[in-house]
Amino acid sequence: MSGIKKLAGQTVWYGLSSIAVKFIGYLMTPILTYSKHVQVADFGKQSLLYAAIPVLSVLFTYGFETAYFRFSSKEEHKSTIYSTAFLSIFFSTVIFSATLWYFRGALASVTGFKDIPQIAIFTILIISIDALNRIPLVKLRQEERPLKYAFVNVSGVVVMLTLVWFFVDYCPAQIQKDPGSWVGHFFDMNTNPIVYVTLANVVQSIITLLLLSKEISLVRFKFNTKLWKEMMIYALPLLIVGFGGIINETFDRLMLKAWLPGTDIFRDEQVGIYNACYKLSLLITLFVQAFRMGAEPFFFKQAEGENPQRVYARVMKLFVIVVTAMFLVVSLFLPVWSIIIDAKYRTALNIVPVLLLANIFLGVYYNLSIWFKLSNRTIAGTYITLIGTVITLAVNYFFIPRFGYIASAWATFFCYGTMMVVSYKWGQKEYPVPYLTKKMIAYLVIVVALFFIHKAITYFIHQTFFGLGLGALLLAVYVWFILLVEKKEFQKLPIIGKYIH
């Protein structure tokens, strides 16, 4: 239990920092969607840009984060693994960055900013600097230092958000009020606001690098060639997993832009609307990301103990309990969550519950994936991810022309759902874990049923406050039910147990 308690505590801190690392766009959403100076089409283009960045980031880090966790637990590697991993990423980043610089025109075309070359330059800087930050950040996670990890990332994101607000809202307002304002010396009203958004992201990446200077100073010119080869053999299948995962996670924006009928402006607007509503599933996506950051090193360390499968099963059950409750918190209170985005983006709110369930499936998959990471069968993860990728591409290709972003939402649902089922079936044959499968499925079915009960009743009674009150009642019923069924489990948790008798 102490290990699970520690994992829970680390997940909280990783949750704070994951806002900066993976879902920084969520915090920019209110600023950009409510701004008078950012058009819906521009927000759509910005979504395309931030869909392309993670794809290239996977190439720049080529699975070395997970490989670091896998090999750092061995005593003979502890003196050289950090320097070996960092130097590998450093030299490959130099090569990849030079290549990307040469093809920066193609990058600008893909993201829709061909007429704004500064954005391609800033994007290359963001990807390159973030790649250099990865191994020092992984070192903090492996050493179980979530406070420093959170401080580094949250500091960077605070600066970025401040700069985005400054450039997108404050500077235009000052110039409109006073054309001779001091901000006119460096701010141009005719410049696309997304240029300033990417500039703010560059500053955030640099600040993160500076805050990690102590960890970077620990790098020595000790390159263990034998260890590097072993890490590459382990990590290369994960590169394909990473590519497939990013395609499943972000390519729907690019596919919407490519396969949706209509004018360029219309397609950019649809991408912007879809991306804004996608971000309303942030409660679950942030938790899943935070959990993954804390769970990966935790799972590898548990593998060295006795009967780790039992621990994995308990963690999975607690995870499902938390995310099903989060599903209700978001889906039953959508009118509240929708305040995050401006009214003109709310036409796609009906896809939010689908995306919430999809991200629950993704979180369960992350739990299940431990079997092929522990057994050094990372190629299995490649196959599973490729299956998901095929589903993503096929559903989007055939249904986007008719159903638009609704097809993209359901593609995400079927992709992650299939990956979850395949990983479970395969993993139970190779590395059996006593998951309480029937109970967890029951919890998912119950929350979906509660959602439809709420939807059916509010269909006839349209009052917002009634809907929120009914949502609170149904959420309370589910929490009461869980506490009743899992009473013994929660009694073991120090924070909750003292209130349950």
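For (1) at pLDDT 85 or above; (2) assigned to a loop (DSSP other than H, G, I, E, B); (3) farther than 23 Å from Ala41 by Cα; (4) touching a Lys or Arg at 6+ places or on another chain (Cβ under 7 Å), each residue gets a yes or a no:
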| residue | (1), (2), (3), (4) |
| --- | --- |
| Gly105 | no, no, no, no |
| Ile126 | yes, no, no, no |
| Val138 | yes, no, yes, no |
| Val157 | no, no, yes, no |
| Val164 | yes, no, no, no |
| Tyr170 | yes, no, no, no |
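Within the stretch 329-360, take every residue that is of a type in the set (Phe, Trp, Tyr) and surrounded by fewer than 23 Cβ atoms within 10 Å (Cβ to Cβ) and give me the one that is nearest to Tyr34 (Cα to Cα).
Looking at residues that are of a type in the set (Phe, Trp, Tyr) and surrounded by fewer than 23 Cβ atoms within 10 Å (Cβ to Cβ), I get Trp337.
Does the stretch 226-249 contain any residue that is among the aromatic types (Phe, Trp, Tyr) and within 25 Å of the chain's Cα centre (by Cα)?
Yes, the stretch 226-249 contains a residue that is among the aromatic types (Phe, Trp, Tyr) and within 25 Å of the chain's Cα centre (by Cα).
Any residue in the stretch 181-208 that is at pLDDT below 85 sitting within a Cβ distance under 8 Å of a residue that is assigned to a loop (DSSP other than H, G, I, E, B) and surrounded by fewer than 18 Cβ atoms within 10 Å (Cβ to Cβ)? List the pairs, counting only those 6 or more apart or interchain.
Close Cβ pairs (under 8 Å, with a partner that is assigned to a loop (DSSP other than H, G, I, E, B) and surrounded by fewer than 18 Cβ atoms within 10 Å (Cβ to Cβ)) amount to Pro193/His37.
Could you please find all residues in the stretch 208-262 being over 27 Å from Ile379 (Cα atoms), part of a loop (DSSP other than H, G, I, E, B) and either in contact with a helix residue (DSSP H, G or I) (Cβ under 9 Å, 6 or more places away or on another chain) or of a type in the set (A, V, I, L, M) (or both)?
Scanning the stretch 208-262 gives Leu212, Leu218, Val219, Arg220, Phe221, Lys222, Leu260, Pro261, Gly262.
Within the stretch 201-223, is even one residue among the basic types (Lys, Arg), under 25 Å from Leu163 (Cβ atoms) and out of contact with any Cys (no Cβ under 9 Å at 6 or more places or on another chain)? Spell out how you get there, then give the answer.
Within the stretch 201-223, the first condition is being among the basic types (Lys, Arg), and the residues that meet it are 214, 220, 222.
Okay, now just the ones that are also under 25 Å from Leu163 (Cβ atoms), so 214.
Next, from what is left, pick out any that are out of contact with any Cys (no Cβ under 9 Å at 6 or more places or on another chain): 214.
Yes, some residue in the stretch 201-223 is among the basic types (Lys, Arg), under 25 Å from Leu163 (Cβ atoms) and out of contact with any Cys (no Cβ under 9 Å at 6 or more places or on another chain).
Take the residues of the stretch 329-384 that are assigned to a helix (DSSP H, G or I) and basic (Lys, Arg): which is modelled with the highest pLDDT? Steps first, please.
Here is the first cut: in the stretch 329-384, the residues assigned to a helix (DSSP H, G or I) are 329-331, 334-340, 343-368, 370-374, 378-384.
Filter once more, so that each one left must be basic (Lys, Arg): 344, 346, 373.
Details: Lys344: 84, Arg346: 87, Lys373: 78.
Restricting to residues being assigned to a helix (DSSP H, G or I) and basic (Lys, Arg), the top hit is Arg346.
Output the residues belonging to the stretch 74-91 that are in a helix (DSSP H, G or I), in contact with a helix residue (DSSP H, G or I) (Cβ under 7 Å, 6 or more places away or on another chain) and more than 23 Å from Trp371 (Cα to Cα). Break it down stepwise before answering.
Initially, the stretch 74-91 is screened for residues in a helix (DSSP H, G or I), giving 75-77, 81-91.
Remaining after also requiring in contact with a helix residue (DSSP H, G or I) (Cβ under 7 Å, 6 or more places away or on another chain): 77, 81-82, 84-86, 88-90.
If the condition is that a residue be in a helix (DSSP H, G or I), in contact with a helix residue (DSSP H, G or I) (Cβ under 7 Å, 6 or more places away or on another chain) and more than 23 Å from Trp371 (Cα to Cα), then Ile81, Tyr82, Thr84, Ala85, Phe86, Ser88, Ile89, Phe90 are the ones that fit.
Does Ala173 meet the test of being surrounded by fewer than 22 Cβ atoms within 10 Å (Cβ to Cβ) and of a type in the set (A, V, I, L, M, F, W, C)?
Answer is yes for this residue.
If a residue must be farther than 26 Å from Phe43 by Cβ and more than 18 Å from the chain's Cα centre (by Cα), how many such residues does the stretch 330-360 contain?
Within the stretch 330-360, the subset farther than 26 Å from Phe43 by Cβ is 332, 360.
Narrowing the set further to residues that are more than 18 Å from the chain's Cα centre (by Cα) leaves 332.
Total meeting the criteria: 1.
Quick one: which helices (runs of 4 or more DSSP H) sit completely within the stretch 390-490 and have at least 2 residues that are at pLDDT below 95 and farther than 30 Å from Ile246 by Cα?
Helices (runs of 4 or more DSSP H) meeting the threshold: 437-460, 464-485.
Yes or no: Val55 surrounded by fewer than 21 Cβ atoms within 10 Å (Cβ to Cβ), modelled with pLDDT of 75 or more and either touching a strand residue (DSSP E or B) at 6+ places or on another chain (Cβ under 8 Å) or in a helix (DSSP H, G or I) (or both)?
Judged against the criteria, Val55 is a match.
Give the residue that is farthest from Val433 (Cα to Cα), with candidates limited to residues of the stretch 302-325 that are buried (at least 21 other Cβ atoms within 10 Å of the Cβ) and without any contact (Cβ under 8 Å) to a residue 60 or more places away in the chain.
Of everything passing the filter in the stretch 302-325, Val323 is farthest from Val433 (Cα to Cα).
Go through the stretch 75-97 and report how many residues are closer than 12 Å to Phe64 by Cβ, touching a residue at least 40 places away in the same chain (Cβ under 8 Å) and crowded, with 16+ Cβ neighbours inside 10 Å.
8
Count, please, the residues in the stretch 435-494 that happen to be in contact (Cβ under 8 Å) with a residue 12 or more places away in the chain and either charged (D, E, K, R) or at positive phi (or both).
The qualifying residues number 5.
Exactly one of these conditions fails for Phe60: (1) within 26 Å of Phe151 (Cα to Cα); (2) buried (at least 22 other Cβ atoms within 10 Å of the Cβ); (3) modelled with pLDDT of 60 or more. Give me its number.
(2)
Of the residues Phe122, Phe71, only one is part of a helix (DSSP H, G or I), touching a His at 6+ places or on another chain (Cβ under 9 Å) and in contact (Cβ under 8 Å) with a residue 40 or more places away in the chain; which?
Just a single option satisfies the conditions, and that option is Phe71.
Within the stretch 263-281, track down each residue that is in a helix (DSSP H, G or I) and either surrounded by fewer than 20 Cβ atoms within 10 Å (Cβ to Cβ) or of a type in the set (Val, Ile, Thr) (or both). Step through it out loud before you land on a result.
Step one: of the stretch 263-281, the residues in a helix (DSSP H, G or I) are 264-281.
Correct list: Asp264, Ile265, Phe266, Val271, Ile273.
Being surrounded by 13 or more Cβ atoms within 10 Å (Cβ to Cβ), among the small types (Gly, Ala, Ser) and out of contact with any strand residue (DSSP E or B) (no Cβ under 9 Å at 6 or more places or on another chain) is the requirement here; does Gly469 meet it?
Criteria not met by Gly469.
The values are calculated or read from the model by the stated rules, or taken from the named source; none is laboratory data. From a predicted model like this one, the values you see are computed outputs, not experimental measurements. Cβ sites come from the backbone with ideal geometry, for glycine too, and all protein chains shown count toward neighbours.
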